[in-house]
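The values are calculated or read from the model by the stated rules, or taken from the named source; none is laboratory data. As the structure is a prediction and not an experimental result, all values here were calculated from the model. Don't worry about glycine lacking a Cβ; one is built from the backbone with ideal geometry, like all the others, and counts go over all protein chains shown.
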Amino acid sequence: LGKEDRDLPGARKILGKDSIIGVSCYNDLQRARAAADQGADYVAFGAVYRSSTKPSAVNAGLALLREARTALDLPIVAIGGITPENALPVVEAGADMVAMIQGLFGQEDIYRAAENTSRLFKPF
C-alpha cells in the first residue's frame, strides 16, 4: 500500500485476515513503525539506488535499511535500482527481499540473474 492507497486497516477489512499486505515506506522509518503497529505483513523501502523505472523516487539508502532491520520485527523489502551486481550490500544491510525490474528483466539471461540474486540470501 502506497501513500495514496487505502489505509492498512481498511485494506485488511476488504482483503481479509489471511491476505499478505505490505506498506511502501519510501525513506520513512516512522511510516514503517506505524505500519508494523497496524499489522503490516512487510514493509518496503526505496529507492535504495537510483532507479531508471522511477527516476524521481526518494533515496532510501543502506543506512536506513540497517536502521529498519534493528527497529522492526517484520520482513523488509528493498526496491529501486537493485541489480544482481549491487544487491549484496542491500541483503547485508537487512533486506529480506529485493524487488527488481530492470535488474532482472533488463538482463540478457533473466533466469541466471534471478538465480544469482537468490544465492545472495542463502548465507543469511
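Within the bounds of region 47-58, is there any residue that is in contact with a Phe, Trp or Tyr (Cβ under 8 Å, 6 or more places away or on another chain) and modelled with pLDDT of 95 or more?
No, region 47-58 contains no residue that is in contact with a Phe, Trp or Tyr (Cβ under 8 Å, 6 or more places away or on another chain) and modelled with pLDDT of 95 or more.
Of the conditions (1) under 25 Å from Leu88 (Cα atoms); (2) modelled with pLDDT under 95, Tyr42 satisfies every one except a single condition; which number is it?
Here Tyr42 clears every test but (2).
Of all residues in region 71-102, how many are of a type outside the set (Val, Ile, Thr) and more than 11 Å from Val48 (Cβ to Cβ)?
13
Are there any pairs with C-beta distances below 9 angstrom linking a residue in region 16-37 that is over 20 Å from Gly80 (Cα atoms) to a residue that is among the charged types (D, E, K, R) and part of a helix (DSSP H, G or I), with the two at least 6 apart or on different chains, and if so which?
Ser19/Arg12
When you scan region 100-121, do you find a residue that is of a type outside the set (Phe, Trp, Tyr), within 28 Å of Ala11 (Cα to Cα) and not in a helix (DSSP H, G or I), even just one? Steps first, please.
First, pick out the residues of region 100-121 that are of a type outside the set (Phe, Trp, Tyr): 100-104, 106-110, 112-120.
Next, only the ones that are within 28 Å of Ala11 (Cα to Cα) stay: 100-101.
Restricting the remaining residues to those that are not in a helix (DSSP H, G or I) gives 100-101.
Yes, because at least one residue in region 100-121 is of a type outside the set (Phe, Trp, Tyr), within 28 Å of Ala11 (Cα to Cα) and not in a helix (DSSP H, G or I).
From Arg6, Arg50, grab the single residue that is over 14 Å from the mean Cα position of the chain (by Cα) and without any contact (Cβ under 8 Å) to a residue 24 or more places away in the chain.
Arg6
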